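The values are calculated or read from the model by the stated rules, or taken from the named source; none is laboratory data. Predicted model, so just to flag it, every value in this text is computed and none were measured. Here Cβ is always computed from backbone atoms with ideal geometry, including for glycine, and neighbour counts include all displayed protein chains. Each accessible area value is taken on the protein alone, full model and side chains, heavy atoms only, with ligands, DNA and RNA left out. Shrake-Rupley method; radii C 1.70, N 1.55, O 1.52, S 1.80 Å.
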Amino acid sequence: MVSALGGVAAALTAALLGVGAAGAVGRPGGRPWLVVLHDVNAGRRGVTLETLRGVHPVDVALLVLAAGAYAGFWPRLGAAHHVWLVLAVAQPVAGVPLLLVTRRVGRSGLMGGALVVSVLLLVEDVWVAAGWLGAAASALLLVGDFDTTGRPNRVLAATITTGYAALFVWFWVLALLLV
């Protein structure tokens, strides 16, 4: 049952990432922070680092859904690596109050948790391709997140785009694996 709920959470995360990337959400503050980071680095007019300031419902939803997806691995990966799986789930969960308090920090918990889950998939030698995909997506997005300065940087925009696409696919793969 936990796996199935995790699979649903992973599918909803992927769907929300897809809607955000398509621009269907509208204004920059209503799009996932990773799309805003891309737009900052791509030099899109009217999008600055200040666009990230605040608590945007889409970001909170992504953090909560990602935590649910990671928790879906409890029966499979949690028995042998329960501390690591708790760490994976705790990162996006802790990101929510951090974001509420600081109005800026905490969103990276999604990628941190994804990185831990990906490493667990690799260590357990199950779903190795999914492990590598998640690790690559997380690493690319963490670089993009931490290296964004507010000045346009096309290389960083491409890094974020690649990581975002990989994360989108990774959450769909998780959904299929967990359901």
Between helix 154-178 and the chain: long-axis angle, C-alpha atoms, 0 to 90°, nearest 10: 30
Using alpha carbon centroids, what distance separates the stretch 4-23 and the stretch 30-98, in Å? 12
Running a GNM on the chain with Cα contacts under 10 Å, which residue among A130, A139, A80 ends up with the highest mean-square fluctuation? A80
Which value in nm describes the separation of the simple spin-label points at A94 and R44, placed 7 Å from the Cα toward the beta carbon? 3.0
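Between W74 and A165, what length in nm is gained on full extension when 0.36 nm per residue of separation is reduced by their alpha carbon distance?
Stretched fully, the W74-A165 segment lengthens by 30.2 nm.
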Most mobile listed residue (G134, G18, G163) in the chain, GNM with C-alpha springs under 10 Å: G18
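Assign one of three labels to the stretch 130-179, namely rounded, prolate or oblate, based on the Cα gyration tensor with a ≥ b ≥ c the square roots of its eigenvalues; rounded applies when a/c is under 1.5, prolate when it is not and a/b is larger than b/c, and oblate otherwise.
Working: a/c = 3.38, a/b = 2.85, b/c = 1.19.
Judged from the Cα gyration tensor, the stretch 130-179 comes out prolate (a/c at least 1.5, a/b above b/c).
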Angle in degrees between helix 57-71 and the longest Cα principal axis of the chain, rounded to the nearest 10: 20
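Exposed loop sites here are trypsin sites (Lys or Arg not before Pro) in DSSP loop states with at most 14 other C-beta atoms within 10 Å. What is the longest stretch of the chain lacking them?
On the way: sites that count: R45, R53, R103.
The segment 104-179 is the longest one with no such site.
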Label-to-label distance, nm, for residues given as V83 and M1 (7 Å Cα→Cβ offset): 3.0
Which one, D145, D125, D59, has the greatest fluctuation when you compute a Gaussian network model over the chain with C-alpha springs under 10 angstrom? D125
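Quick check for you: with a 1.4 Å probe and neighbouring chains kept, what is the accessible area per residue of the stretch 30-118, in Å²? Before the final figure, lay out each step's value.
Numbers: 3620 Å² over 89 residues.
In whole numbers, the stretch 30-118 has 41 Å² accessible per residue.
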